[in-house]
2 protein chains.
Amino acid sequence: MREALPPGSTIGILGGGQLGRMLAVAASRLGLKIHIYSDEPDPPAFAVAAARTVAGYNDADALLKFAGAVDVVTCEFENVPTAALEAAGRNAPVFPPPRAFAVAQDRLAEKDFLQELGIAVAPFAPIGSVRELQAALPGIGFPALLKTRRFGYDGKGQVMIRSQSEAEAALDSIGHVPAVLEGVVLFEREISVVAVRAQDGTLHFYDPSENVHQDGILARSRVPAPISATCVFEARKIAGKIANALSYVGVICVEMFQRMGDGSALVVNEIAPRVHNSGHWTLDACLVSQFENHIRAIAGWPLGETSRHSDAVMANIIGADADRWRDFASAEGTSLHLYGKEEARPGRKMGHFIRLYPKT
Amino acid sequence: MREALPPGSTIGILGGGQLGRMLAVAASRLGLKIHIYSDEPDPPAFAVAAARTVAGYNDADALLKFAGAVDVVTCEFENVPTAALEAAGRNAPVFPPPRAFAVAQDRLAEKDFLQELGIAVAPFAPIGSVRELQAALPGIGFPALLKTRRFGYDGKGQVMIRSQSEAEAALDSIGHVPAVLEGVVLFEREISVVAVRAQDGTLHFYDPSENVHQDGILARSRVPAPISATCVFEARKIAGKIANALSYVGVICVEMFQRMGDGSALVVNEIAPRVHNSGHWTLDACLVSQFENHIRAIAGWPLGETSRHSDAVMANIIGADADRWRDFASAEGTSLHLYGKEEARPGRKMGHFIRLYPKT
């Protein structure tokens, strides 16, 4: 067990997107400094960082120097090369543990890991060739989802297969990279649990949110999710089991499907070893946000409150919707969060807003 | 009426203390950038600023250059030289209006301004010499407070006079600078109203807080203040009258005494033309804090919610109390805010914590 990093210490963050930006702001509340490492020249998090490094994630020298200048290293995106974490780890402690990234970056490793823990996942099969895909399809059934093992996010790197004859075209469309074939789970809803685990193993949970996606991108999250207390309990149990098995430190998000017609039966869809879009509502509906609790955990501080003082709906602002910032800014009972991104490309997350309601 | 500054614009702030730091963080939520101007080499706000200038407040060239690099200029401390505001004003709009600083910086001008508006103040007399002081004391009565006209804050620059014979020593102790003699108001409590006024004159109010001082420094604020609805109404009316008379833009704080035994009779103690320590509770008990509403007002944005979702107590962390950060961080139902100051000098505001309670 390490000593807590005192106020004035520096948190190093690999990645400079909106998650890094909100982590930086959370760290500032605690009197901690932020050093952002990014491979882009002016990412959103630079505007609120005390120190900045621009270098590639394969630049071992830059990573060593960066880690030498900070007191702890963390990460705001999950596809960071594990070699980068290892390089940084030679000069500073790294949280969450690199194994969490290795598991989350590979859909096959992730599913194997979950199955070993006895956690339900969608039926799946590893796919390396058209022949393997054709052989696996009848067992998985239709429709089925073909997903690349690596680098998938926001619905990218996946394709729906509706009949045996679509197999070859599906593999073509993902460039014949190693893949996983998944059965489609018929679900009532998607929920996610944001948990935070401290260095001493203390686990706290935020309330599960119900998440709605549009075009493969998270559109809205709301708390409380309309699920039973038993289902909340099961969801937390699963997230806790995962965090403990990984000896996790920091915030972790587990996305789950609630099976159709079967109250508390949950199937895990994905693990994100980081703060997560479906936890943004904690910024305004909780005293201590997911961002601050991640910083507290990796800095060895006592975890903060995860209870909710209000009900909330969080909605993402995507692409050209950002032009409507005046409307969002004047909406009643609503807070607006913009990420400081200049170019509003289609599908790009530009910000979000949160509407609060009295707690039910 | 100016156009609202779009996301991506830069807010220039004169001063780099904790108020500038929290303003910078609030601006980042709205996708706005911050440029901090400070006469210190590494003030708290630099750690969360996109751009930084170190120069004196009498350096006209530096002020012009600074104002030329930003889209609007504001201020986080009230004793900024008005000449600095005028210099900056040649290259950018400046909010709040410089007149608000001129009034707030001089206790005599402040009292004259309030009296002209028909707002009750403590009995007072301008003091320029021992003779004037001796002549004024019998009319004001004992005890009386001798206060420097300028540069008073946190109880500095004032001395209590308990008898006619203490007059000369009192003037000695404040160095014979121009002063004001004030009668002591017997009060039930001190309250303050944080208001925000937009460029179009829209006025919003946060709930009045009750404030408790120790050694001349604010120790705690709590909302709601235990005062009647009539008293809340009167307090808002006074703050609104002041803001309107100054054609104010931004957040203003008005400190008032509730007279002993006389329910809603209020006496104004002080005007602060800025975000204020007694409004820090808005960071966690409101959807939009005083800091964000100040930024919204000066940027020409729609004002945000000022309603309170929770009751709150804010307590300052002063001097060596900051060593107890672990205790504060682990207190139940409490958020911790540290300002990133290295040296915990006696009387120095190092941070604060906020405890929330369900709204009554």
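Each value in this text was obtained by applying a stated rule to the coordinates, not by laboratory testing. Predicted, not measured: the structure shown is a model, and the values here were computed from it. Cβ placement follows ideal geometry from the backbone for every residue including glycine, while neighbour counts extend to all protein chains displayed.
What to note about this one:
- In the calculated pair-distance distribution of segment B:10-94, the portion above 18 angstrom amounts to 31 percent of the Cα-Cα pairs.
- Potential extension, B:ALA102-B:GLU3 segment - 0.36 nm per residue separation minus Cα distance: 33.0 nm
- Label-to-label distance, B:SER173 versus A:ARG259, with points set 7 angstrom from Cα along the beta-carbon direction: 7.8 nm.
- 3J(HN,Hα) from dihedral phi, segment B:327-335, Karplus parametrisation 6.51/-1.76/1.60, rounded to Hz, x for glycine, proline: 4, 4, 5, 9, 5, 5, x, 10, 9
- Distance histogram for segment B:86-216 (every C-alpha pair counted, 5 angstrom bins, percent rounded to whole numbers): 2, 9, 15, 19, 19, 14, 10, 7, 5, 1, 0
- Each residue of segment A:123-183 gets 67 Å³ once the volume of the Cα convex hull is shared out per residue.
- Taking every residue in B:21-31 and counting other chain Cβ atoms within 10 Å of its Cβ, the average works out to 6.
- ³J(HN,Hα) computed for each position of segment B:35-43 - Karplus, 6.51 cos²θ - 1.76 cosθ + 1.60, integer Hz, glycine/proline x: 10, 9, 10, 9, 8, 10, x, 8, x
- Alpha-carbon centroid distance for the pair segment A:245-315 / segment B:60-103, whole angstrom: 43
- When +1 charges are put on Lys and Arg Cβ atoms and -1 charges on Asp and Glu Cβ atoms, the dipole computed for segment B:187-358 relative to its Cα centre reaches about 240 debye.
- Stokes-Einstein diffusion coefficient of segment B:202-266, Kirkwood radius over Cα pairs, 20 °C, 1.002 mPa s, in µm²/s: 166
- Each residue of segment A:99-107 is assigned a 3J(HN,Hα), and the resulting list reads 4, 4, 6, 4, 5, 6, 7, 10, 4 Hz, derived from the Karplus form 6.51 cos²θ - 1.76 cosθ + 1.60 (θ = phi - 60°), x at Gly and Pro.
- Sorted from nearest, the other copies put their B:SER228 label points 5.3 nm away, the label point being 7 Å from Cα in the direction of Cβ.
- Considering segment B:173-219, its Cα convex hull presents a mean projected area of 6.2 nm².
- Nonlocal amide H pairs with B:CYS75, under 5 Å, H built at 1.01 Å: B:LEU14
- Positive-end ranking of A:HIS337, A:ILE227, A:THR202 along the dipole of segment A:187-358, with charges on Cβ about the Cα centre, is headed by A:THR202.
- The average projected area of chain B, computed from the convex hull of its Cα atoms over all directions, is 17.8 nm².
- Cut-off under 5 Å, modelled amide H: who pairs with A:LYS33 long-range: A:GLY8, A:SER9, A:THR10, A:ILE11
- Translational diffusion of segment B:253-314 was estimated from the Stokes-Einstein equation, with Rh taken as the Kirkwood radius over Cα pairs; at 37 °C and 0.692 mPa s the coefficient is 248 µm²/s.
- Listed from fewest to most Cβ neighbours within 10 Å, the set B:LEU186, B:LEU246, A:LEU117, A:LEU32 follows the order B:LEU186, A:LEU117, B:LEU246, A:LEU32.
- Take each peptide in B:212-222, A:92-102, B:187-197, count the other Cβ atoms within 10 Å of every residue, and average; sorted highest first, the result is B:187-197, A:92-102, B:212-222.
- Diffusion constant of the protein assembly as shown at 37 °C, which comes from Stokes-Einstein with the Kirkwood Cα-pair radius and 0.692 mPa s, µm²/s: 120
- Residue exposure proxy: B:ASP200, B:ASP321, ordered by other Cβ atoms within 10 angstrom of their Cβ from fewest to most, comes out as B:ASP200, B:ASP321.
- Think of each Lys and Arg Cβ as +1 and each Asp and Glu Cβ as -1; about the Cα centre, that makes the dipole of segment B:123-183 roughly 140 debye.
- By the beta-carbon count within 10 Å of each Cβ, the least crowded to most crowded order of A:LYS359, A:LYS147, fewest first, is A:LYS359, A:LYS147.
- Choice from B:GLU255, B:GLU40, B:GLU76 with maximal GNM fluctuation in chain B (Cα, 10 Å cutoff): B:GLU40
- The Kirkwood hydrodynamic radius of segment A:1-153, based on inverse pair distances between different Cα atoms, is 17.4 Å.
- Value of relative contact order over chain B, rounded to a whole percent, pairs C-alpha under 8 Å and six or more apart: 14
- Over the protein assembly as shown: helical MRE at 222 nm, DSSP H runs n ≥ 4 each giving -39500 (n - 2.57), nearest 500: -8000 deg cm²/dmol
- Alpha-carbon centroids, segment A:140-209 and segment B:146-215: separation in whole Å: 63
- Close amide H partners of A:GLU270, meaning residues 5 or more places away or on another chain with modelled amide H under 5 Å apart, are A:GLU255.
- Kirkwood Rh in Å, taken over segment A:280-326 so that all alpha-carbon pairs contribute: 12.4
- Residue-count net charge about B:ARG326 - beta-carbon cut-off 13 Å; Lys, Arg +1, Asp, Glu -1: -2
- Note on segment B:187-358: Cα Rg divided by 2.2 N^0.38 Å, N the number of residues, gives 1.03.
- Within 10 Å of the Cβ of each residue in B:297-303, the mean number of Cβ atoms contributed by other protein chains is 2.
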